[in-house]
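Structure first, commentary second.
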Amino acid sequence: MFDVGFAEIVLVMVIALLVVGPERLPRLARTAGLWLGKARSFVQSVREDIERELAAEELKRVMSDTGQLGEEVRAVREIIEETDADLRQATAMPARTDRGETPAEAPATASGAGPQAPALSGPGAPQAAAGDGSEEDGRR
């Protein structure tokens, strides 16, 4: 800002000493220091206000740019929600085979030759004997 060196400061102090005198110089220096501090704080507060206003303008600009993008984001979000709803609906329906039957109605064999006897399991079901799978092993 100002290019004030040590020589200029000494020159001002000597002139102030000659003009004011040695008895009033300390009080003058104290008053000048207070005024200088007030001026610095005023300049700092103005600088902070300007920076705040610039930040607010930048934020407004970003918000306006984001507003245009916000519409695109909303459209994409709607597509995602529709797809999610379709997937949930599709998984809630029972699966269909190629002949239009649900798995409970479809034949039990993979070839579709006809229904097989259901496999029984549980406490009342007959159990196969251990070994080669024949019933003779159970009688020996």
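Here are some notes:
- Extension reserve of the residue 31-residue 19 stretch, reckoned as 0.36 nm per residue once the Cα distance is removed: 2.7 nm
- Radius 13 Å from Cβ of residue 42, net charge of other residues (Lys, Arg +1; Asp, Glu -1): +1
- Loop-located GluC sites (Glu not before Pro) across the stretch 21-83 with a Cβ neighbour count of 10 or fewer within 10 Å are 23, with loop assigned by DSSP.
Bear in mind these aren't lab numbers, they're just calculated from the coordinates by the rules spelled out. Everything numeric here is computed off the predicted structure, so don't read it as measured data. So basically every Cβ, Gly included, is an ideal-geometry build from the backbone, and we count neighbours across all protein chains shown.
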